[in-house]
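Quick notes on the structure that follows.
Since every read-out is calculated from the coordinates, none of them should be taken as a lab result. Because the structure is predicted, anything quoted here is derived from the model rather than measured. Note that we place each Cβ from the backbone using ideal geometry, even for glycine, and neighbour counts take in every protein chain shown.
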Amino acid sequence: MRVSRAQHEVAAEHLPARPSWIAVACSQPWPCDPARRHLATGTGGGTALAVLMATYFEDFCRDRRDAPLHVAFERFLAWTRSAHRSE
């Protein structure tokens, strides 16, 4: 299944500034809480959310080669399981 990023745009104020991956509006590490809520709602959660976040994880790893992978995993992927359970 291919998830189109165009279908799941994050509200403009909570997009990541690249290559820092800090949310433009709140200066928090992206995906910030508002972005996570928007992404979970926009994808319907579950597999679609996990696939979308995996593509962002890959982009982050390319931009931030210095970031520890376990931190990046927690930031981009681990939360998608709890987003799925809370539906």
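Treat every Asp and Glu Cβ in segment 16-85 as -1 and every Lys and Arg Cβ as +1, leave all other atoms uncharged, and give the resulting dipole magnitude about the Cα centre to the nearest 20 debye. Intermediate values should be presented prior to the final figure.
Working: 9 positive and 6 negative charges, 24 e Å.
Taking the Cα centre of segment 16-85 as origin, the dipole is about 120 debye.
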Exercise. Among 50, 83, 19, whose Cα sits farthest toward the positive end of the charge dipole of segment 16-85 (+1 at Cβ of Lys/Arg, -1 at Cβ of Asp/Glu, about the Cα centre)?
Worked result: 83
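Subtract the Cα-Cα distance of residue 82 and residue 63 from 0.36 nm times their separation in residues, and report this length gain in nm to one decimal.
Between residue 82 and residue 63, full extension yields 4.2 nm more.
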Exercise. Between residue 70 and residue 15, what is the FRET efficiency for a Förster distance of 22 Å, r being their Cβ-Cβ separation, to the nearest 0.05?
Worked result: 0.35
